[in-house]
Amino acid sequence: MIVGMRSLWMAVALFACGDVQKVPDAAMPDAYQPDGPPMQLTCGAGEMNCNGTCANLMSSELYCGNCMTQCSPTQGCLAGSCVPANTSCARVRELDPAAPNGLYRNPNNGNSYFCDFEGNTTYEQVAMGIFTTAYFNYTAITIAELQTPVAQAAFIALYNAQGGLPALSNWTSTNCCFAQPDGTDFKFGDTIIYPANGNTVQCNQSPSYNSPPYILNRGANFLTVPLPNDYFTANPVTGFNQCSEGSNPGLFFRKRNNLN
């Protein structure tokens, strides 16, 4: 009887030891759970999901008209089609209705122009010529005009873009003060202005003005490029009667009263 009880005790002990070797349920790996559906890109009205990016196919230069068409660097996207960009002030505003007044460049020919959107005017060049001469497609700049913010901004922007003033004709001047059509001389700040070539004043030029672009000079102050945008704030434009003799240089804009 004692032997039988001992055998039973050994069996119970061995059975208990076997339980200790089991791996607890908490250590077992979880069963595979599949991921949820991917997040869907939500685009706004008028936009389309193109390769994970919301794009307006009517105006996006990366996705113009569809998700496969990218405009070239000289194009913009207008109404879903790639068109030549910045060929005129009108085109600038077509591509960007909020485009500000300022200097733009036609990428197809490299020409710079200044857009006055509120005044519906395109300024294409600022130049110098005989102040009493009428040049085709050019208008003489008056002191009153150059006192306005838009004309000042156009003058500075084009002067800088051109590196100075081209000459509209070759002529020999007997006096070199810049004058407006009525003979009143320009003063920038407190000094009348003269044409210069490099760091040399070109006064009573002989044989002629024929080496543009010319820069402006105020006494010993050469108006080298670039002029700061606020130049006329520190040097207001006024008039002065001193030296007009019929062949003085004058300032001219080539401009159009439209944006095309």
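The values are calculated or read from the model by the stated rules, or taken from the named source; none is laboratory data. Because the structure is predicted, anything quoted here is derived from the model rather than measured. Quick reminder, even Gly has a Cβ in these numbers, built from the backbone with ideal geometry, and neighbours come from all protein chains shown.
Name the single residue that is surrounded by the most Cβ atoms within 10 Å (Cβ to Cβ) among those in the range 230-259 being polar (S, T, N, Q) and at pLDDT 95 or above. Give the derivation first.
Taking the range 230-259 and keeping what is polar (S, T, N, Q), we get 233, 235, 238, 241-242, 244, 247-248, 257-258.
Retained after the next criterion (residues that are at pLDDT 95 or above): 233, 235, 238, 257-258.
Values: Thr233: 10, Asn235: 18, Thr238: 16, Asn257: 9, Asn258: 11.
Of everything passing the filter in the range 230-259, Asn235 is surrounded by the most Cβ atoms within 10 Å (Cβ to Cβ).
Counting only strands (runs of 3 or more DSSP E) wholly contained in the range 132-247, the ones carrying 2 or more residues that are out of contact with any Pro (no Cβ under 8 Å at 6 or more places or on another chain) occupy 185-188, 194-197, 221-223, 237-240. Across the range 54-103, the qualifying residues are those that are charged (D, E, K, R) and assigned to a helix (DSSP H, G or I), and the one among them that is surrounded by the fewest Cβ atoms within 10 Å (Cβ to Cβ) is Arg93.
Every residue in the range 125-147 that is surrounded by fewer than 17 Cβ atoms within 10 Å (Cβ to Cβ) and closer than 17 Å to Arg256 by Cα, please. It would help to see each step written out before you state the result.
Looking only at the range 125-147, we keep the residues that are surrounded by fewer than 17 Cβ atoms within 10 Å (Cβ to Cβ), and these are 132-137, 139, 144, 147.
Of everything in the range 125-147, those that are surrounded by fewer than 17 Cβ atoms within 10 Å (Cβ to Cβ) and closer than 17 Å to Arg256 by Cα turn out to be Ala134, Tyr135, Phe136, Asn137, Thr139.
Restricting the range 193-204 to residues that are among the aliphatic types (A, V, I, L, M) and crowded, with 20+ Cβ neighbours inside 10 Å, which is modelled with the highest pLDDT?
Once the filter is applied, the top-ranked residue is Ile193.
Yes/no matrix, rows are residues, columns are (1) more than 29 Å from the chain's Cα centre (by Cα); (2) in contact (Cβ under 8 Å) with a residue 24 or more places away in the chain:
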| residue | (1), (2) |
| --- | --- |
| Ile193 | yes, yes |
| Asn199 | yes, no |
| Cys203 | yes, yes |
| Gly219 | yes, yes |
| Thr224 | no, no |
